[in-house]
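Just below is one structure, and these are the notes that go with it.
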Amino acid sequence: MINRRNFLGLGLGAVAVAVIPGKLSAIDFRETKPKAWTATKVDEAVKELFGTTATTEGSIKLNAPDIAENGAVIPVSFETDLKATKIAVFQDANPESAVAVFTIPENAVIDYAIRIKLAKTGTVTVIAEADGKLYSASKLVKVTIGGCGG
């Protein structure tokens, strides 16, 4: 005999499986674009991933703190209404510039939040590819030493 709790658990599990998109695909950019992950300059990494460095500022809302007291866990979020197919995050404070690359499914809502690590003060850049063009947003994040706030 099945009790109510088990029945609800099974029912919710079935619903969760039913809402998973039927067609997921992921590209391993570390394998397909290895030079992008070892590039020490943002422009080098952007050129490896997108084929060009020509971007248009705007169309992306980037949020990151002005001052981060802990460079190990810096919250970065970004959103856009662009019909982007690929979005990448870069920074210029660590030895390797590329942070993350996202392949965007068709009709997706682009509103992402991640945490990144910065060894020192640097600029975080988000680049989106949409309709054959690149759009970017950047923000300087000041990383304080020892959490002294200044």
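Using θ = phi - 60° in the Karplus curve 6.51 cos²θ - 1.76 cosθ + 1.60, the 3J(HN,Hα) couplings for region 66-71 round to 5, 10, 10, 7, 10, x Hz; x is entered for Gly and Pro.
Rounded to a whole number of µm²/s, how large is the Stokes-Einstein D of region 92-150 at 37 °C and 0.692 mPa s, given Rh as the Kirkwood radius over C-alpha pairs? Display every interim value, and only then the final one.
Details: Rh = 13.7 Å.
Estimated diffusion coefficient is 239 µm²/s.
3J(HN,Hα) along region 40-55: 9, 10, 4, 4, 5, 5, 5, 4, 5, 7, 10, x, 8, 10, 6, 10 Hz, from the Karplus curve 6.51 cos²θ - 1.76 cosθ + 1.60 with θ = phi - 60°, whole Hz, x for Gly and Pro. Stretching the chain fully between LYS133 and LYS41 yields a gain of 31.0 nm (0.36 nm per residue, less the alpha carbon separation).
Peptides 84-92, 71-79 ranked from most to least packed give 84-92, 71-79, packing being the mean of other C-beta atoms within 10 angstrom over each peptide's residues.
The fraction of all Cα pairs in region 24-147 landing in successive 10 Å bins from 0 to the largest distance is 13, 46, 34, 7, 0, given as whole percents. Long-range amide H contacts for ILE104: which residues qualify at under 5 Å (H placed 1.01 Å from N, peptide plane, sequence gap of 5 or more or a different chain)? Amide H neighbours of ILE104: LYS86, ILE87.
Coordinate-derived values only; no laboratory data. Small disclaimer: the values here were computed from a predicted structure and weren't measured. Note: ideal-geometry Cβ built from the backbone for every residue, glycine included; neighbour counts use all protein chains shown.
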